[in-house]
Amino acid sequence: MAEQAHAPEHPAYPVGLRLAGRRVVVVGGGQVAQRRLPALIAAGADVVLVSPSATASVEAMAAAGEIRWEQRRYADGDLAEAWYVLVATADSTANDQVSAEAERRRIWCVRSDDATAATAWTPATGRSDGLTVAVLTGRDPRRSAAVRDAIVEGLRDGTLAARHHRTKTPGVALVGGGPGDPDLITVRGRRLLAEADVVIADRLGPRDLLDELPPHVEVIDAAKIPYGRFMAQEAINNALIEHAKAGKAVVRLKGGDPFVFGRGMEEAEALAAEGIPCTVVPGISSSISVPGAAGIPVTHRGVAHEFTVVSGHVAPDDERSLVDWTALARLRGTLVVLMGVDKIGAIARTLIAGGRDPHTPVALVQEGTTAAQRRVDATLATVAETVVAASVRPPAVIVIGEVVAVGNPPA
């Protein structure tokens with residue numbers, strides 16, 4: 001029977017072991033045990049390590065009380081009451097003895113030195129969003145690991161869709177989509193997109209990701225939500241609430257980060273008032289990513305020790321402005337202006353009047369991180385006319401400061 005069980009033509013029967021509170025014996029405290037112990041601990045197993053020595057990491061697990069360490073060599077009888085055993089010593093004779101006891105006691109036994117002598121194999125395992133992926137390819141562990149990695153990566157970045165069905169919870173995720181390049185959305189954001197029933201998207205979000213969504217997903221352009229008597233933001237809030245209350249998993253896909261001039265907190269507050277679960281997924285803000293994509297560091301040793309991000313959608317002389325432009329003019333670091341293309345002339349004049357050098361370099365990066373990205377350079381004194389002459393259009397990130405000339409100085 002043993003020979004038949006080990007015959008290569010018979011594939012292993014896959015099964016998930018529930019080891020919480022059950023005795024597991026690990027024989028050997030070296031590198032193999034160091035790799036395998038964390039998963040056994042995470043499974044809640046009552047782990048007993050039998051080994052005269054152990055690596056520093058394994059010792060730390062014992063010191064923390066995560067495992068019990070019998071600091072000695074294996075002895076017959078150590079597997080009593082065990083449910084599972086891992087043999088991981090460099091002594092083949094000792095390994096054979098442990099395997100023999102496991103066979104007598106009918107305990108599943110994994111051997112790190114000889115898979116053919118084991119009664120169980122450890123699969124290449126990965127986890128993503130509550131899902132465990134385990135891959136077995138017989139005697140080719142590297143292939144198992146490669147397949148495991150490909151599946152887990154696909155689940156994490158959303159390219160492999162595996163939607164929840166029984167446990168999916170209705171609610172809203174405010175997802176920062178990053179500056180525009182679809183590869184710059186976070187892993188969690190992409191995964192939530194793959195799980196969505198409804199996506200309400202900004203025009204500045206990574207539009208290419210919408211093409212990857214399954215056909216049943218309802219995609220709503222936030223700019224086209226009928227506003228009627230409502231303010232635009234109130235209408236968007238109402239749409240989020242309506243779809244979430246209908247039991248849908250909703251993603252509000254926003255450009256950049258939801259809380260950096262994205263009005264994400266207004267949406268979160270509206271959802272909280274209705275008792276709707278809300279998850280906030282931070283995104284890569286265009287304030288740092290777009291300058292970086294254009295070769296501009298917002299800070300640089302010996303040049304700028306701080307950077308300030310400011311909204312330019314309201315002119316400096318507008319009574320609604322909350323920005324102290326005079327104080328900003330006195331700063332020596334980098335100033336990053338978002339949503340300020342049509343106000344840059346007034347902003348530049350105010351900064352110069354406040355004491356900023358008219359020759360301070362300025363860069364305007366339009367459609368940053370996308371295929372249409374372009375960079376236009378000027379100075380505070382010339383930026384107003386440059387914007388007109390170069391036909392710079394939103395969205396564009398404006399960088400003001402000496403860092404503009406670092407690494408990629410204007411011609």
Label of the coordinate-derived value, Kirkwood radius over Cα pairs in Å, listed as [x] 24.0; [y] 25.9; [z] 21.9: [y]
Helix-only mean residue ellipticity at 222 nm for the chain, each DSSP H run of n ≥ 4 adding -39500 (n - 2.57), per residue, nearest 500: -8500 deg cm²/dmol
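Please sort 140-152, 40-52 by packing, taking for each peptide the average over its residues of neighbouring beta carbons within 10 angstrom, highest first.
Values: 140-152: 15.6, 40-52: 18.4.
Per-residue Cβ counts within 10 Å, averaged per peptide and sorted highest first, yield 40-52, 140-152.
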Measure nothing but the geometry: give the 0 to 90° angle between the long axis through the Cα atoms of 92-105 and the longest principal axis through the Cα atoms of the chain, rounded to 10°. 80 degrees
What are the extents of the Cα atoms of the range 177-306 along their three principal axes, in Å, largest first? 55, 30, 26
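Sorted by packing (mean other beta-carbon atoms within 10 Å per residue), highest first, where do 212-218, 70-76, 114-120 land?
Working: 212-218: 11.9, 70-76: 13.6, 114-120: 15.9.
Answer by packing, highest mean first, reads 114-120, 70-76, 212-218.
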HN-Hα J couplings of the range 359-365 from phi, Karplus 6.51/-1.76/1.60, θ = phi - 60°, integer Hz, Gly and Pro as x? 8, 4, x, 9, 10, 10, 10
If the chain between residue 81 and residue 359 were fully extended at 0.36 nm per residue, the gain over the current Cα-Cα distance would be 92.1 nm
Taking the alpha-carbon set of the range 339-411, what are its Rg and Dmax in Å? 11.6, 37
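For residue 181, what is the net charge nearby, where nearby means another residue's Cβ is under 12 Å from its Cβ and Lys, Arg count +1, Asp, Glu -1? It would help to have the intermediate numbers written out before the result.
Details: positive: 207; negative: 183, 208, 367.
Cβ neighbours under 12 Å give a net charge of -2.
For the range 1-97, with every protein chain kept in place, what is the accessible area per residue (1.4 Å probe, Å²)? Mind showing how you got there, number by number?
Numbers: 5760 Å² over 97 residues.
Here the residues of the range 1-97 average 59 Å² of exposed surface.
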Evaluated at 20 °C and 1.002 mPa s, the Stokes-Einstein D of the range 12-132 based on the Kirkwood radius over Cα pairs, in µm²/s, stands at 148 µm²/s
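Using R₀ = 51 Å, calculate the FRET efficiency as 1/(1 + (r/R₀)^6) where r is the Cβ-Cβ separation of residue 134 and residue 56; round to 0.05.
On the way: r = 29 Å, r/R0 = 0.56.
E between residue 134 and residue 56, to the nearest 0.05, is 0.95.
Full extension from residue 18 to residue 218: what is 0.36 nm times the residue separation minus their Cα-Cα distance, to one decimal in nm? Don't jump to the answer; show the numbers that get you there.
On the way: separation 200, 0.36 × 200 = 72.00 nm, distance 3.89 nm.
Answer, rounded to one decimal: 68.1 nm.
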If you line up the long axis of helix 344-353 against the longest principal axis of the chain, both from Cα atoms, how many degrees apart are they, to the nearest 10? 80 degrees
Arrange the peptides 32-38, 397-403, 249-255 so that the one whose residues have, on average, the most other Cβ atoms within 10 Å appears first. 249-255, 397-403, 32-38
Would you please give the FRET efficiency between residue 263 and residue 318, computed as 1/(1 + (r/R0)^6) with r the Cβ-Cβ distance and R0 = 22 Å, to the nearest 0.05? 0.75
Taking alpha-carbon centroids only, the range 68-105 lies from the range 303-377 a number of Å equal to 69 Å
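The values are calculated or read from the model by the stated rules, or taken from the named source; none is laboratory data. Bear in mind that the values here come from a model prediction, so they are computed numbers and not experimental data. Don't worry about glycine lacking a Cβ; one is built from the backbone with ideal geometry, like all the others, and counts go over all protein chains shown. Calculation scope for accessible area: heavy atoms of the full protein, side chains included, ligands and nucleic acids excluded. Shrake-Rupley method; radii C 1.70, N 1.55, O 1.52, S 1.80 Å.
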